[in-house]
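Trainee: My questions all concern the structure below.
The values are calculated or read from the model by the stated rules, or taken from the named source; none is laboratory data. As the structure is a computational prediction, the values presented were derived from the model and not from experiment. Cβ placement follows ideal geometry from the backbone for every residue including glycine, while neighbour counts extend to all protein chains displayed.
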Amino acid sequence: MQNQRKTRATPTEAPDEALLVAFANGDNEAAQILLHRLAPRLYAYAVRVLNDRAEAEDVVQETLIRLWKIAPDWRQGEARVFTWVYKVAANLCTDRLRKMRPQVEIGNIAAPADTIADVVALLTETQRSKALQSALDSLPDRQRQATVLRHIDELSNPEIAAIMDLSVEAVESLTARGKRALKTSLMGRKKELGYTDD
Amino acid sequence: MTDRKKSDDRALDQFFNAGKNHPPEPSAAFLARLSDDISANAPKERKQTQPIQSEPFGWFLRIFATVSLSGSAALGVWIGFLSPDLLTDPTLLLAPDTTIAFADFLPAANLSDTDGVPLP
């Protein structure tokens with residue numbers, strides 16, 4: 001019966017924290033909005049870090065279940081939902097990486113395409129995306145997590161520091177080293193992937 | 001910064017852009033599963049405070065206490081009304097030669113004078 005406790009339409013542009021509080025007050029629609037806002041980003045992050053779609057699904061599901069459970073006790077102003085879920089996901093990824101290592105198989109990341117022209121147009125970029133994943137997978141775990149958060153998810157260094165329980169300086173160091181390692185790994189494949197130096 | 005380094009940075013940015021443009025996307029089935037989790041983990045209604053369990057025969061004890069209290073009060077008023085001298089001089093109750101008969105509290109019945117003969 002609790003599913004029927006919707007009270008009113010929730011504005012889709014409401015902040016994450018307001019949506020979570022609305023969910024705690026019985027508005028499941030608010031949680032649906034939050035889900036579609038957070039899940040794709042968390043999933044992409046987890047796949048890039050774990051390079052395993054099944055494991056990434058587990059991480060996202062576990063993270064969101066924890067979020068739903070903590071909703072009644074959520075205190076607005078103390079933390080951002082976005083940072084909180086990334087932190088939980090990052091910790092869950094770290095736990096899994098400890099169990100998974102060593103693994104080298106590259107995941108199959110499919111790109112959506114509707115026409116032949118799209119396939120041709122996407123081919124090189126898809127290859128780039130795969131090469132990036134391959135290079136990311138060669139990085140040490142913490143370096144990979146920080147690099148993905150910084151250069152793909154485009155989070156700020158203070159946000160990454162909060163998520164990974166590090167100082168901002170440590171994050172800067174991790175991402176700089178990660179970037180250097182990626183360059184080394186990718187530059188060898190530059191021409192193979194269609195890049196020129198012009 | 002050398003030209004080579006700039007070129008490498010640009011290329012690396014292109015890799016990052018490729019990664020942003022082609023994020024791994026969750027399947028519809030997975031999103032549906034996550035959606036189901038919302039209902040399953042929706043906060044429950046707050047439980048109402050349970051009334052304190054009454055002890056066995058509590059109802060009898062409560063009635064007994066009420067009747068006893070009000071009965072004692074009524075008896076006290078009755079005694080005071082019929083024998084005010086007992087209240088004004090309580091030593092009468094303690095005097096050895098004082099006897100208080102039940103009849104003292106029943107004004108309509110002078111039992112000591114009837115000697116078994118019905119009253120006229």
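Trainee: Of everything in the range A:36-77, what is of a type in the set (D, E, K, R) and closer than 13 Å to A:Phe23 by Cβ? Give them in sequence order.
Mentor: Scanning the range A:36-77 gives A:Arg37, A:Lys69, A:Asp73.
Trainee: Checking A:Gln127 against (1) surrounded by 16 or more Cβ atoms within 10 Å (Cβ to Cβ); (2) modelled with pLDDT of 95 or more; (3) within 21 Å of A:Val148 (Cβ to Cβ): exactly one of these is not met. Which one?
Mentor: Every listed condition holds for A:Gln127 apart from (2).
Trainee: So, one more: Which ones in the range A:29-68 are more than 7 Å from every other protein chain (Cβ to nearest Cβ) and either hydroxyl-bearing (Ser, Thr, Tyr) or outside any helix (DSSP H, G or I) (or both)?
Mentor: A:Tyr45, A:Asn51, A:Asp52, A:Thr63
Trainee: Regarding the range A:14-26, can at least one residue be identified that is at pLDDT below 90 and over 12 Å from the mean Cα position of the chain (by Cα)?
Mentor: Checking the range A:14-26: at least one residue is at pLDDT below 90 and over 12 Å from the mean Cα position of the chain (by Cα).
Trainee: Give the residue that is farthest from the chain's Cα centre (by Cα), with candidates limited to residues of the range B:1-32 that are farther than 18 Å from A:Val148 by Cα and at the interface with chain A (Cβ under 7 Å from one of its Cβ atoms).
Mentor: Of everything passing the filter in the range B:1-32, B:Ser7 is farthest from the chain's Cα centre (by Cα).
Trainee: Scan the range A:48-94 for residues that are under 17 Å from B:Asp37 (Cβ atoms) and of a type in the set (Asp, Glu) and jot them down.
Mentor: Listed by number, the residues that qualify are A:Glu57, A:Asp58, A:Glu62.
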